[in-house]
Amino acid sequence: MRGRSDLLPILTVLAGLLVLWYLGAIGLNGPVQNDMYRRADVVGVPFTQFVADTWNQQRPVLPTPHQVFAELWNTTALVAPTVPRSLLFHAWVTLSATLAGFVLGSGLGILLAVMIVHSEAMNRSLMPWIVASQTIPILALAPLIVVIGFNVFTGTFGVPTDPARFISKAIISAYLSFFPVTVGMVKGLRSPEDIQLDLMRTYNASAAQVFWKLRWPSALPFLFTSMKVGVAASLVGAIVGEMPTGAVSGLGARLLNGSYYGQTTQIWSALIMASILAAVLVVAVGLVERLVYVRMGARPA
Amino acid sequence: QDSVVLQLKWVAQGQFAGYYVAQAKGFYEEEGLNVEIKPGGPDIAPEQVIAGGGADVITTWMAAGLAARERGVPLVNIAQPFKNSGLLLTCRKDMGVETTEDFPGKTLGVWFFGNEYPFYAWMAKLGYSTEGGADGVEVLKQAFNVDPLIQGQAACISTMTYNEYGQVLRAGLSEDELTVFNYRDEGVGMLEDGLYVLEENLDDPAFVDKMTRFVRASMKGWAYTAENPEEAAQIVLDNDMTGAMMLEDQVYQVGEINKLVDGSTGALDPADYQQTVDTLLSAVSPDNPAITKEPEGAFTTVVTDGL
Amino acid sequence: MTIPAVVSATDLSLTFHTSDGPVTALSDVTLDIKKGEFVSFIGPSGCGKTTFLRAIADLERPTSGSIEVNGQTPGNARKDRAYGYVFQAAALYPWRTIEKNVALPLEIMGYSKALKAERIARTLALVNLEGFEKKYPWQLSGGMQQRASIARALAFDADLLLMDEPFGALDEIVRDHLNSELLKLWKETQKTICFVTHSIPEAVYLSTKIVVMSPRPGRVTDIIESSLPAERPLDIRETPEFLAIAARVREGLRAGHSYEE
Amino acid sequence: MTIPAVVSATDLSLTFHTSDGPVTALSDVTLDIKKGEFVSFIGPSGCGKTTFLRAIADLERPTSGSIEVNGQTPGNARKDRAYGYVFQAAALYPWRTIEKNVALPLEIMGYSKALKAERIARTLALVNLEGFEKKYPWQLSGGMQQRASIARALAFDADLLLMDEPFGALDEIVRDHLNSELLKLWKETQKTICFVTHSIPEAVYLSTKIVVMSPRPGRVTDIIESSLPAERPLDIRETPEFLAIAARVREGLRAGHSYEE
Amino acid sequence: MSQLQHYLAIVAWGLSAAALVMGWVSADALPPAWLFVFLLLGTASLVRIAGWFSLWLDGIIAGAGVVAVLVSLPDLSPVPGYYWLALLAAWAFAWLFVERLTRAMASGLVEPGIFGFLVPLIFGVMVLVIWEAVTRGANVPSVILPPPSAIWARIAGSTSTLWADFQQTFLKAVLIGYALGCGLGFAVAILIDRSPFLKRGLLPLGNFVSALPIIGVAPIMVMWFGFDWPSKAAVVVIMTFFPMLVNTVAGLNAAGAMERDLMRTYAAGYWQTLLKLRLPAAAPFIFNALKINSTLALIGAIVAEFFGTPIVGMGFRISTEVGRMNVDMVWAEIAVAALAGSAFYGVVVLVERATTFWHPSVRSA
Ligand SMILES: Nc1ncnc2c1ncn2[C@@H]1O[C@H](COP(=O)(O)OP(=O)(O)OP(=O)(O)O)[C@@H](O)[C@H]1O
Ligand SMILES: Nc1ncnc2c1ncn2[C@@H]1O[C@H](COP(=O)(O)OP(=O)(O)OP(=O)(O)O)[C@@H](O)[C@H]1O
Ligand SMILES: Cc1ncc(C[n+]2csc(CCO)c2C)c(N)n1
Ligand SMILES: [Mg+2]
Ligand SMILES: [Mg+2]
């Protein structure tokens, strides 16, 4: 975990990014602004005015941070979190699918890893395909999956729309997150040294005892590291799963819908919200990790 | 109450105001229907949804509907609330497009995903290659916004009268800076936003009756929309679960949509159907295999006859 | 009555197949270890000391020849939990306290709670680690960790103790101390001990029997029955008798040695 | 003419600040090492032997007191490449062959190609590693790796050699051999050597001066000038003079020792 | 045989026997010849209780099962229940074969060098066979999921389109974007390595930025770099930049304290330490990023094509053909993408093996 000492550098870098962002806004919004001056026959605008104008356009190409944060504020603090206008509402829709997908994906990842570590046949037949599975552009397939999954759930099994969409999103989410968990867990479950395994053998320990008393505890650090990657992937999966697929709520739907009507500020505020969510999720996994380590008596870093 | 699932071609917006109004105003309920309206999106193929059992009835463009029919999804048009088409090719005069003769060598933005058939038919009619080069046109797959035109990356882009065209205007390009081609005026207009069901269901009289009631209520919704555009826009807004829409956009959209629906009883005019089919068949090519032969039984009037 | 053989190897050979070709780690080793003996194995690096202990423990399978532990196959002896093994490295589990580490074999073998507590207390006291029960391995020095690993091997009722250079990581003073503790323990419990070491004085000081080995291929070059009395104060190491045995061991070692190590 | 001091420490103290509070690794160490001396450091684990060597090498900064190397600050001496350091572990780079590992300091110090080849051949011969030039470290045994790391420290022209338990991983026979090789090298080259060890016989056999240290806080408890002759056959270790010095070292060690290690 | 193998053998036999009985009792006609033979063989596998039964026999029965299931499909409509039992039986035999084969390889009875590739291959083939049998047997609409045979026919029939798309997306956008992104990430890592302050500030943020969906970036890149492949390459650059940055920075810190101290004792300069110690020590980390990026790059380029593109490219084709109901073409592109991606990954792994041969993880493999 990062200590407090990292706060200053992070804030400095963030400040640098903000400066870049404002400069970028001048460059990107400038041409349109000049166009607007030309149309309105305005000439000789002072540079400061020009800058201020590019930073406060109605429909900017690149909205400025203060515009984005105003939008964020308007759509979180000023509206009830239960109405579609609220970004929190959408964040929750995305988050719930993310969490479901993450739990599903991690569970699957751990299960696969356990099978792979315990059976050479599984190892040989699954491992290459697990790697290959990640070369399939799942994001490109998302519409197909959501539509197929959705149709199968609603059509064949009669699941109502919302849960069906939720399940489909969770599946994409799980598909993206299981891979890092499997790879990390296989590494982790294989991390006990020979001597530690030999020790268990001298006790004539059963496979279950070796697993719970040795393999599992030694795999935990690997598990948490890969879960941090996995949870971020889950979020991407959930957002993508609700983007081009007729979803009506969630950050992905918000992003896309903003773009149909040229609402760049809305797009960016949804993007920022997604990043905040990613940060929160990764930090949350980190907290759980710390908690577990303390209980396991790990050496403080 | 009978339940009906309607899959839209696009997101909840003024384009589908009639259905939302019919639902909000209880017209469906009056007909003993419980209608669920599923919004679509750029990568939702309603044809696929209905094939998978996810909907009872869908709205789609006729070209896409016929293409799906040829690929084994037996869709049948049961009603056509949209009399006119809203598809435009919008060009910038300052990039040198005033007439269709100016197209060669230019870059044109086109929507794909089943929306490209009218464009290819038109180019075939004009005799322009779509592979680029000096006497051909350069085709771009255009995303869901009007940036390429504003930024001058394309000389022309696809727009709908009721949405993107308005965005172009709002972005500051005025009407006299633009050349607008209406597909209908170019003789390649195709029917948009009809209602389609699976052929086998029509064998069931109960289903036909259900659809009759559905279309009747929907047309009532469209009529109400024509009378009360502002209220209809508000109803659409209430159904937008993304919370992304602005009322002003939707008022504009409903206004434009009303022009397209104007004059329709809901029944499909066989002449319009034939024009769409002829246009498609005139443009058959390996790149554009919408349909390759005259479709059979692709529309029926059993539903609208009962109105 | 003859004393029963705890370990009895006959013409034992063991070859590893590596990518560079086969390595003969043990070649025709014949050796009997009687109940209650303290046997040291000494020899240059790579002569097969560890391999021999591992073969006894059923951690390696011999290529040819036979080996019996308590009159059974090593596999069955292992399943009977016939021995405790102290590895060259401590191999404590870092997520367990010292106490829990010692408890590990007891948990696996299903000892009762009360018995567990008693054993832990007794063996930790034996290796002078009282007061460190709740510490984690990384909070202890290397020597303390090694002692904890010895405690772990002593905690359950194995009559045979296999110790692979348990004091390798310790300095001379601590080593001296643990040597006399080990001797005391051995005398008290009448366990049979197989002990690997690199140190000649250590081997001579501790053992009733010293097995000198030599590498490439690993084989036994000399077996020395110690003539030292059972009672061994530390300063026995300056006696001529002690030095004589040490000299013989050194001779044996040097003979089997090649500088390529 | 007085012999110049190569290392001269005065009231040297060094404290580490750890999360558990400060650890005084060295406390008021005053020591002079003259050119050509062979100084052994011996003491229980944690008494600051490594820390003292690291302070000489400018790898740790003293908290107070002063230390000079060749009459300069340790930092300047380091920049002059005044010493070769042999670490407790071999620290060979696994991506370089043995030859290339020995070449590493030569590359960095810009030796010519011919000179490099000559040095590599000479020092690898010195540690008996001819024929292993093209092998990678992980293809060698621990002892061979350690010898390679000694070769690396000898390859360039440093007059001061700092060796931190270089023979810890080796068995007694190889150790004996390398001990006499080291003595020979030292006599031939007239280098100054600081040598850390845990073994009393090794310290006595090699050194002209033995520094006995004791921990918590790390300090020097005894400095023994050896009275042994310069010529030292291996069996000098059985002479009474040798045993007397060894006994004095053992006394000093025991005094500073606590069993909690 | 192990516990698992026993169960598998029982299940495989039971399924065959049950299918045979069902086919016999229920059907008006006997099952098609191939299927009948397979079921007889499967049922006959009971002789294994007599003792010896070669693992190759299991392999042969599994092979017969695969052929039978595929060949008999056109003759059966509607597909009877015993067909599905036969399919499961074929799967069980294949699994049993794989289990026994790996066991034999582990104990040195069978040469792993020659048969090692068989195991994953059998798994892949079985997935395809089940896919084929289920889609065709259960009449799944091809707009939902086409059978592999249809996808293969499409691949064979559209090689020129697939090649053009591959060139556009892989040879241009992916390779160039990958090289630039990895190169840039590496260079920046070397630069910020000298400033611990920047490092601590940038790394945590980098993790979150890389989680930003491409959809936010892709339209902006189209705006800046136009519709053609440069904008896709730019998306790839952004996607691959941070993994490389983070891994390189971590790798540069991977050299051990003692190894660094050694460099200090030689009074080695910054660049000497970097070149001779820190970069080689960082190599495993850098390769880790190269591997991650090899799959990310392809995905990024394909998805970026959803946001405006010339009418060629794998992403364009996928999104367009879904709309045209040509789902077989979609899967053809996906097959090409998976093949290209796996090959790309494989090449990186080979280079890794050759350059970090010294690392324990490579040494043991
Ligand atoms: N798992 C293995 N695979 C291949 N060779 C091995 C293996 N284990 C040991 N060897 C080889 O067998 C020989 C004997 O090894 P062993 O570990 O028994 O020696 P040792 O006497 O214990 O040495 P040390 O004193 O260094 O611990 C050595 O040459 C070693 O390289
Ligand atoms: N980097 C460090 N940070 C904190 N404490 C340290 C550090 N290095 C050494 N110490 C402490 O300083 C003391 C002296 O350590 P040093 O390594 O010099 O001992 P040593 O005599 O070399 O021991 P050994 O024989 O075990 O190698 C020890 O208590 C050790 O824990
Ligand atoms: C990717 C994409 N495709 C099509 C349209 C245009 N559009 C708006 S509504 C509609 C369906 C007609 O019912 C269509 C085609 C778009 N904006 N974005
Ligand atoms: Mg050993
Ligand atoms: Mg030390």
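The values are calculated or read from the model by the stated rules, or taken from the named source; none is laboratory data. For clarity, every value in this text was computed on a predicted model and none was experimentally measured. Heads up, the Cβs are rebuilt from the backbone with ideal geometry, glycines too, and the neighbour counts pull from every protein chain shown.
Below are the figures for this structure:
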quantity: Tally, over region D:221-242, of residues that are without any contact (Cβ under 8 Å) to a residue 40 or more places away in the chain and farther than 18 Å from D:F41 by Cα; calculated: 10
quantity: Answer from E:L30, E:L4, E:L41 - the residue that is aliphatic (A, V, I, L, M) and touching a residue at least 40 places away in the same chain (Cβ under 8 Å); calculated: E:L4
quantity: Subset tally (residues that are touching a strand residue (DSSP E or B) at 6+ places or on another chain (Cβ under 6 Å) and closer than 24 Å to C:H177 by Cβ) for region D:202-247; calculated: 13
quantity: Conditions (1) away from ligand 3 (no atom under 16 Å from the Cβ); (2) under 23 Å from the mean Cα position of the chain (by Cα); (3) at the interface with another protein chain (Cβ under 8 Å from one of its Cβ atoms); number of the one not met by B:K125; calculated: (3)
quantity: Per-region count, region B:176-210, residues surrounded by 22 or more Cβ atoms within 10 Å (Cβ to Cβ) and at positive phi; calculated: 1
quantity: Failed item, numbered, when B:G65 is tested on (1) modelled with pLDDT under 90; (2) crowded, with 24+ Cβ neighbours inside 10 Å; calculated: (1)
quantity: Residues within region C:104-117 that are within 14 Å of C:P137 (Cβ to Cβ) and touching a helix residue (DSSP H, G or I) at 6+ places or on another chain (Cβ under 6 Å), tallied; calculated: 0
quantity: Pair list, Cβ under 9 Å, 6 or more apart: region A:25-40 residue over 14 Å from B:I150 (Cα atoms), other residue surrounded by fewer than 15 Cβ atoms within 10 Å (Cβ to Cβ) and hydrophobic (A, V, I, L, M, F, W, C); calculated: A:Y37/A:V43; A:Y37/A:V45
quantity: Region C:14-44 - residue that is crowded, with 19+ Cβ neighbours inside 10 Å and polar (S, T, N, Q) and, of those, modelled with the highest pLDDT; calculated: C:S40
quantity: Matching residues in region B:93-114 - criterion: being surrounded by 22 or more Cβ atoms within 10 Å (Cβ to Cβ) and in contact with a Leu (Cβ under 8 Å, 6 or more places away or on another chain); calculated: B:F103, B:L108, B:G109, B:V110
quantity: Flag if C:L53 is within 14 Å of ligand 4 (Cβ to nearest atom), outside any loop (DSSP other than H, G, I, E, B) and away from every other protein chain (no Cβ under 14 Å); calculated: no
quantity: One residue from C:E241, C:E231 being assigned to a helix (DSSP H, G or I), at pLDDT 80 or above and away from ligand 2 (no atom under 16 Å from the Cβ); calculated: C:E241
quantity: Whichever residue in region D:158-176 is charged (D, E, K, R) and away from chain C (no Cβ under 11 Å) and, among such residues, is nearest to ligand 1 (Cβ to nearest atom); calculated: D:D164
quantity: Residues (of a type outside the set (A, V, I, L, M, F, W, C), away from every other protein chain (no Cβ under 14 Å) and more than 16 Å from D:Y85 (Cβ to Cβ)) located in region D:177-203; calculated: D:K184, D:K187, D:E188, D:T189, D:Q190
quantity: Failed item in (1) of a type in the set (G, A, S); (2) in the same structural domain as E:W331 (by TED's automatic domain parsing); (3) out of contact with any helix residue (DSSP H, G or I) (no Cβ under 9 Å at 6 or more places or on another chain), with E:A189 passing the rest; calculated: (3)
quantity: Test: residue in region B:61-77 that is assigned to a strand (DSSP E or B), more than 11 Å from every other protein chain (Cβ to nearest Cβ) and within 22 Å of B:E256 (Cβ to Cβ); calculated: no
quantity: Flag for A:S249 being surrounded by fewer than 24 Cβ atoms within 10 Å (Cβ to Cβ) and within 14 Å of chain B (Cβ to nearest Cβ); calculated: yes
quantity: Subset of region B:1-30 that is within 13 Å of chain A (Cβ to nearest Cβ) and among the aliphatic types (A, V, I, L, M) - its residue that is nearest to ligand 2 (Cβ to nearest atom); calculated: B:V11
quantity: Those residues of region B:81-100 which are of a type in the set (S, T, Y) and part of a strand (DSSP E or B), in sequence order; calculated: B:T90
quantity: Verdict on C:V23 being more than 16 Å from ligand 3 (Cβ to nearest atom) and either in a loop (DSSP other than H, G, I, E, B) or within 14 Å of another protein chain (Cβ to nearest Cβ) (or both); calculated: yes
quantity: Considering residues of region C:156-193 that are within 16 Å of ligand 4 (Cβ to nearest atom) and part of a strand (DSSP E or B) only, the residue nearest to C:S8 (Cα to Cα); calculated: C:L162
quantity: Subset of region D:194-228 [more than 26 Å from D:S13 (Cα to Cα), in a helix (DSSP H, G or I) and aliphatic (A, V, I, L, M)]; calculated: D:V204, D:L206
quantity: Single residue of region A:56-84 satisfying the filter (in contact with a helix residue (DSSP H, G or I) (Cβ under 6 Å, 6 or more places away or on another chain), part of a loop (DSSP other than H, G, I, E, B) and not hydroxyl-bearing (S, T, Y)) that is nearest to A:L251 (Cα to Cα); calculated: A:P81
quantity: Filtered residue count, region C:75-90, keeping only those that are within 15 Å of ligand 4 (Cβ to nearest atom) and either in contact with an Asp or Glu (Cβ under 7 Å, 6 or more places away or on another chain) or under 19 Å from C:E107 (Cβ atoms) (or both); calculated: 5
quantity: Residues satisfying the stated conditions in region C:77-89, i.e. in a strand (DSSP E or B), facing chain A (nearest Cβ under 8 Å) and either over 13 Å from A:N204 (Cβ atoms) or aromatic (F, W, Y) (or both); calculated: C:Y83, C:Y85
quantity: Total residues in region B:1-39, condition in contact with a strand residue (DSSP E or B) (Cβ under 7 Å, 6 or more places away or on another chain), assigned to a loop (DSSP other than H, G, I, E, B) and farther than 13 Å from B:V57 by Cβ; calculated: 2
quantity: Set D:S45, D:S40: member being assigned to a loop (DSSP other than H, G, I, E, B) and on the phi < 0 side of the Ramachandran plot; calculated: D:S45
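Rundown of residues vs (1) touching a Lys or Arg at 6+ places or on another chain (Cβ under 9 Å); (2) at pLDDT 85 or above; (3) of a type in the set (A, V, I, L, M), yes/no style:
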residue	(1), (2), (3)
A:T264	yes, no, no
A:I267	yes, no, yes
A:V288	no, yes, yes
A:L291	no, yes, yes
A:M296	yes, no, yes
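Quick grid of which residues meet (1) assigned to a loop (DSSP other than H, G, I, E, B); (2) touching a residue at least 40 places away in the same chain (Cβ under 8 Å); (3) within 14 Å of chain A (Cβ to nearest Cβ); (4) in contact with a Leu (Cβ under 6 Å, 6 or more places away or on another chain):
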site	(1), (2), (3), (4)
C:G75	no, no, yes, no
C:Y93	yes, yes, yes, no
C:A103	no, yes, yes, no
C:Y111	yes, yes, yes, no
C:A114	no, no, no, no
C:I120	no, no, no, no
C:L129	yes, no, no, no
C:K135	yes, no, yes, no
C:Q146	no, yes, yes, no
